[in-house]
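FYI, it's all coordinate maths here, none of it is from the lab. In this text, all values refer to a predicted model and were calculated from it rather than measured experimentally. Glycine also receives a Cβ, built like all others from the backbone with ideal geometry; neighbour counts cover every protein chain displayed.
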Amino acid sequence: MTDATDTPKTGWFARLKAGLARTSARIVGGIGDVFTKKKLDEETLQHLEELLIGADLGAATATRLVQDLAKTRFGKDVDGDEVRAFFAAEIAKVLEPVARPLSVDPAKKPFVILMVGVNGAGKTTTIGKLAQLYKEQKLKSTLAAGDTFRAAAVEQLKVWGSRTGSPVIARDAGSDAASLAFDALLESKKRGDDVLLIDTAGRLHNKENLMNELQKVVRVIKKVDDTAPHATLLVLDSTIGQNAHAQVDAFKQMIGVTGLVLTKLDGTAKGGVVVALAEKFGLPIHYIGVGESAEDLRPFTSHSFARGLMGLEP
């Protein structure tokens with residue numbers, strides 16, 4: 001079984017599996033160490049639970065997966081392949097309800113996507129990669145450089161704009177982010193764009209200021225289009241593992257997050273955090289990133305991810 005995104009042209013599953021290699025190596029190696037064709041006993045179950053927690057699946061999820069395995073296989077001979085296949089199937093069930101692609105509503109012109117997240121999570125790069133994805137879908141995008149405090153973010157967005165043929169709306173450093181968003185939406189509307197991607201600041205250590213700024217951005221956008229933003233995506237750096245939970249909590253309080261994007265899965269052994277986030281928050285996971293290139297950001301699919309996480313073929 002393969003997902004629609006697995007095509008010979010993109011080789012997405014191969015890249016996904018390679019991107020999850022650090023996480024899957026820990027899990028596969030650990031399961032291999034535990035199982036040399038032996039009966040499933042209490043000690044083995046405890047090892048498995050610790051292994052899943054170590055990959056950041058979260059204690060509740062790890063316990064449930066191990067208990068479900070025990071229900072049918074306790075006291076019986078099992079091998080590592082069987083255990084990995086079982087976990088992959090159960091993880092896919094957890095992920096299925098949140099694996100929802102972000103669909104751009106053609107009736108909204110432009111469809112406004114507000115990108116939020118802490119500095120360093122990969123917001124700006126993700127905007128560029130999304131612009132590339134939308135270009136492939138023959139959609140016209142405009143990029144708004146709303147992180148006005150970081151000159152590097154503005155320059156980075158201009159590079160992506162040039163690369164994807166997308167206009168970039170930027171202002172001087174320190175400019176008001178809300179007025180920039182307001183202008184960007186007016187210009188994007190005038191052009192008849194399909195999508196407007198708005199970058200934002202991410203200084204979470206100054207939570208109150210950030211909250212005020214994000215809420216102001218939303219207020220002024222609504223003066224132009226009272227249905228916007230049509231999606232508010234929280235970009236999370238997978239390498240932070242369980243700390244991602246605190247970020248989801250914080251941004252949910254600040255602003256109505258409608259979906260998640262998980263980046264840098266290729267740089268971590270904590271890729272299981274995706275499963276923990278799905279179980280705890282139930283927010284749609286729209287995209288995952290497993291590398292630097294535009295092709296390494298793709299819509300999230302439950303079956304592929306679960307198989308990749310367990311080091312299995314599709």
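A helix-only calculation puts the chain at -15500 deg cm²/dmol for mean residue ellipticity at 222 nm, using -39500 (n - 2.57) for each DSSP H run of at least four residues, averaged over all residues. Neighbours of Gly54 by Cβ distance under 9 Å: Lys/Arg scored +1, Asp/Glu scored -1, total 0.
For region 111-300, DSSP calls about 10 percent of its internal beta bridges antiparallel. Across all Cα pairs in region 16-56, the calculated P(r) in 5 Å bins from zero up to the longest distance comes to 5, 23, 30, 21, 12, 6, 2 percent per bin.
Dipole of region 12-98 computed with +1 at Lys/Arg Cβ and -1 at Asp/Glu Cβ about the Cα centre; of Ile91, Thr72, Ile53, farthest Cα towards the positive end is Ile91.
When you count the other C-beta atoms within 10 angstrom of each residue and take the mean per peptide, 71-82, 149-160, 197-208 line up highest first as 197-208, 149-160, 71-82. For the chain, the fraction of C-alpha pairs farther apart than 35 angstrom is 24 percent.
Dipole of the chain, Cα-centred, from +1 at each Lys and Arg C-beta and -1 at each Asp and Glu C-beta, to the nearest 20 debye?
My answer is approximately 780 debye.
The alpha carbons of region 103-224 occupy a box of 39, 29, 26 Å along the principal axes, longest dimension given first.
Relative contact order of the chain, taken over Cα pairs closer than 8 Å and 6 or more residues apart, is 29 percent.
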